[in-house]
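Visitor: Here it is, the structure, as structure tokens.
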Amino acid sequence: MEAENLQNRRDIANRIRSLREDNEFTIEEMAEATGRSAKEYAARESGKMDLTFTFVYKCAKKLGVDVVELLTGESPRLRHYEVVRKDEGLVLERHTDFHYLHKAPHFRNRLGETFLVDVPYQPQSQHEPIHLSYHEGQEMDFVLKGHLRFRFEDHYEEVGPGDTLFYDSGRGHGMIAIGGEDAQILAVVFDPQREDIM
């Protein structure tokens, strides 16, 4: 499994590098677009560092492709509707140990990216600062099970099943599972800047 994840990361990194070169973008331009230093960007593009969804999403936006194309090498092709059955979707692994299941990977020109996200309870995270992520647009998280501590910049909220979070995802946000149990959310990331669908 570890070898498979490493190969998958290298495949995604190679697609990013190839598209960057095809578009004649410099490492510095991509680093700026992804909010990373040139050194960190280069390490991610070479496959030496983990590729977070946020990083890949920002690369896709800069490169003018669908994020699924970077993740799988295939372009979404469905235009009218897509049915994704329970437990199916495009699996994404992140360094945070969250498990992401993209629930509409084959639908073209999506207004948002929809994920079923498993958030494992980790005892060590209960006393550490919550890591913050940033990506343009807005996000909605609907809690399906478990309880979470949500951080938005310096504000904290505790939420449970049936609760919804909606926020400006361009500002610092993050979450951890609390209460000694794993949690699960339905997350939808909206990008209002998508010109191809307006």
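The values are calculated or read from the model by the stated rules, or taken from the named source; none is laboratory data. Only a predicted model underlies this, so the values are computations on that prediction, with no experimental measurement involved. Note that each Cβ is placed from the backbone with ideal geometry, even for glycine, and that neighbours are counted across all protein chains shown. These accessible areas exclude ligands, DNA and RNA; they are computed on the full protein's heavy atoms, side chains included. Shrake-Rupley method; radii C 1.70, N 1.55, O 1.52, S 1.80 Å.
Visitor: What helices (runs of 4 or more DSSP H) lie completely within segment 1-62 and have 2 or more residues being under 23 Å from residue 134 (Cα atoms), open to solvent by less than 70 Å² (accessible area, probe 1.4 Å) and without any contact (Cβ under 8 Å) to a residue 40 or more places away in the chain?
Guide: Here the list reads 27-34, 38-45.
Visitor: Now, a different point. Within segment 68-121, which residues are touching a Phe, Trp or Tyr at 6+ places or on another chain (Cβ under 8 Å), open to solvent by 40 Å² or more (accessible area, probe 1.4 Å), assigned to a loop (DSSP other than H, G, I, E, B) and closer than 15 Å to residue 57 by Cα?
Guide: 111
Visitor: Residues that are closer than 28 Å to residue 86 by Cα and not charged (D, E, K, R): list the strands (runs of 3 or more DSSP E) wholly contained in segment 129-198 that include at least 2 such residues.
Guide: Qualifying strands (runs of 3 or more DSSP E): 138-145, 147-152, 164-168, 173-178, 183-190.
Visitor: I'm trying to understand the selection: among the residues of segment 152-166, which are closer than 21 Å to residue 58 by Cβ and surrounded by 17 or more Cβ atoms within 10 Å (Cβ to Cβ)?
Guide: Matches in segment 152-166: 152 only.
Visitor: Among the residues of segment 85-131, what is the count of those that are out of contact with any strand residue (DSSP E or B) (no Cβ under 9 Å at 6 or more places or on another chain) and among the charged types (D, E, K, R)?
Guide: Summing the residues that are out of contact with any strand residue (DSSP E or B) (no Cβ under 9 Å at 6 or more places or on another chain) and among the charged types (D, E, K, R) in segment 85-131 gives 3.
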